Each structure stands twice: as structure tokens, then as C-alpha cells.
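The values are calculated or read from the model by the stated rules, or taken from the named source; none is laboratory data. Because the structure is predicted, anything quoted here is derived from the model rather than measured. Cβ: placed from backbone, ideal geometry, glycine included. Neighbour counts: every protein chain shown.
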Amino acid sequence: MTTSTHFWDKIARKYAAQPIKDPTSYEHTLGRTRSYLPETGKVLELGAGTGSTALLLARSAGQITATDVSPEMMLIGRENATAQGIENVNFISAAADDGRFSDGSHDAVLAFNLLHLLRDLDGTLTRVNAALKPGGYFISKSPCLGEKGWYLPLMVAVVRVFMAVRYWRAPPFVRFMKIRDLEARIEAHGFDIVETGNFPADPPNRYIVARKR
Ligand SMILES: C[S@@+](CC[C@H](N)C(=O)[O-])C[C@H]1O[C@@H](n2cnc3c(N)ncnc32)[C@H](O)[C@@H]1O
């Protein structure tokens, strides 16, 4: 178990209780995502947190495997699925670059608010490609904090110190990505980008739909 796993386990219950920050943006990207999922399709979600998005998408897919590095997040997801009577979403504790899903059988792979937290982004993008069928969709939404000024890294550093003291855990790694760089990396891993947008716009949380070549 990594220090990052301990951090996410520790804050899981609190994270689950937080309201969605920008409901309009969330609903918009949820609807766009739904439009790409085949009704009987097989979907893999990486860094799914407590699985709230997977549960909202459950009726739009045949089977959803929600994964997250934090076992505590997955436990909350299972509790919520049971409470809502949803049976086609299963929860597996797994890192985003876990090789278990690299079987080319998925119609879509989802990663929301995750890519900026990955040290080995290229390793995960390789796994995403391997998990998808040809023509399958990789749908992600990622804060691109590299688009903001010099003050943002400073603010994030202050927040990290606060989190370390508050939760007594090392806070997770954060990548300051630029939109152009992120999209180039996704394309370099064998994808064509078919839809993009910033939801919300500031700081940009980049919604990217990419199709496996
Ligand atoms: C900011 S939360 C986003 C959760 C959810 N996708 C959402 O949009 O609300 C980031 C999640 O990524 C998970 N995570 C962090 N690093 C990870 C990794 N290397 N592999 C898989 N999950 C990871 C954390 O446990 C946490 O649940």
C-alpha cells in the first residue's frame, strides 16, 4: 500500500459527503459521457472514488467495473450500490496502471479527476489503450492547473501542507498539466480526439473524448 493510498483511504468518508462543486458542469459532462456508452457495453472506470458517477451511469451500460487505488473508497461504492439496488457495477481496488484489465474487451474507459494525480501518466495511457476494443472511447476530465499563473503551484503547496497536518498523511502527487500537452500525450498513445471542452472553465477541467484508432 502506498502513502497516497493511505491518504485517500483516510479522507474517503469525508470525500463521499462533499457536494458536487459545479453541478451544471458535472451534469453536462455526465450527459456527454452517456451519449458514448453502448447500452449493453462493458465500461471500466479508473480512479472512480466512491463510484458515484459509475452508479449514475449504470443504466447506460451493460456492465461497469469501477476501480480505485483506495480500498475504503471502493467499500463506500459497494455500500451505495447495495443501498440503490444497482447490480451491474462492481468495485475493485486497483491502481490505474493495473494490468488486469488489459484484455481489449472494453467499449469505454473513464477517468475523471484522476490523470493529474498519476506519476506514470504514460504507463496508465498504455494500459487504457490495451483495455479498449478498437474504436472504443477513452473519456477523461482532468484539472489542467499548468494553464494558470505562477501563483497556483504556490497555493497548491500551501494546501498540501494544510492537508499533511490535518490528515497526518503525505498528500498525493499533483501534476501541473497544460491542455495541449495532455491532448498530445493521449494522441501519442493511439487515440484520435473527437470532443473536448472545459467544464468548468476556470481553472480548466478539460473534458476529452478520445477514440482508439
Ligand atoms: C479527486 S478523486 C476523483 C474521484 C472521482 N473520479 C471523482 O471524479 O469524483 C481521485 C481518486 O483517484 C484515486 N487515485 C489516486 N491515485 C490513483 C492511482 N494511481 N490509481 C487509481 N486511483 C487513484 C483516489 O483514491 C481518489 O479516489
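Couple of notes before you dig in:
- First in segment 147-167 and closer than 21 Å to MET177 by Cα, second anywhere and modelled with pLDDT under 80, Cβ under 7 Å, 6 or more apart: ARG160/PRO171
- Any chance ASP107 is acidic (Asp, Glu), surrounded by 19 or more Cβ atoms within 10 Å (Cβ to Cβ) and farther than 16 Å from LYS141 by Cα: yes
- Test: residue in segment 126-138 that is under 11 Å from the mean Cα position of the chain (by Cα) and within 16 Å of the ligand (Cβ to nearest atom): yes
- Any hit, segment 7-25, residues being under 17 Å from the mean Cα position of the chain (by Cα), away from the ligand (no atom under 12 Å from the Cβ), of a type in the set (Gly, Ala, Ser) and at pLDDT 95 or above: no
- Residues of segment 180-205 that are surrounded by 13 or more Cβ atoms within 10 Å (Cβ to Cβ), more than 14 Å from LEU125 (Cβ to Cβ) and of a type in the set (Gly, Ala, Ser): GLY197 alone.
- Those helices (runs of 4 or more DSSP H) lying entirely in segment 1-78 with at least 2 residues in contact (Cβ under 8 Å) with a residue 40 or more places away in the chain, surrounded by fewer than 21 Cβ atoms within 10 Å (Cβ to Cβ) and touching a Lys or Arg at 6+ places or on another chain (Cβ under 8 Å): 3-17
- Filter result for ALA94 (touching a residue at least 60 places away in the same chain (Cβ under 8 Å) and within 21 Å of PHE173 (Cβ to Cβ)): no
- Residues satisfying the stated conditions in segment 35-49, i.e. more than 13 Å from the ligand (Cβ to nearest atom) and within 11 Å of ALA131 (Cα to Cα): LYS42, VAL43
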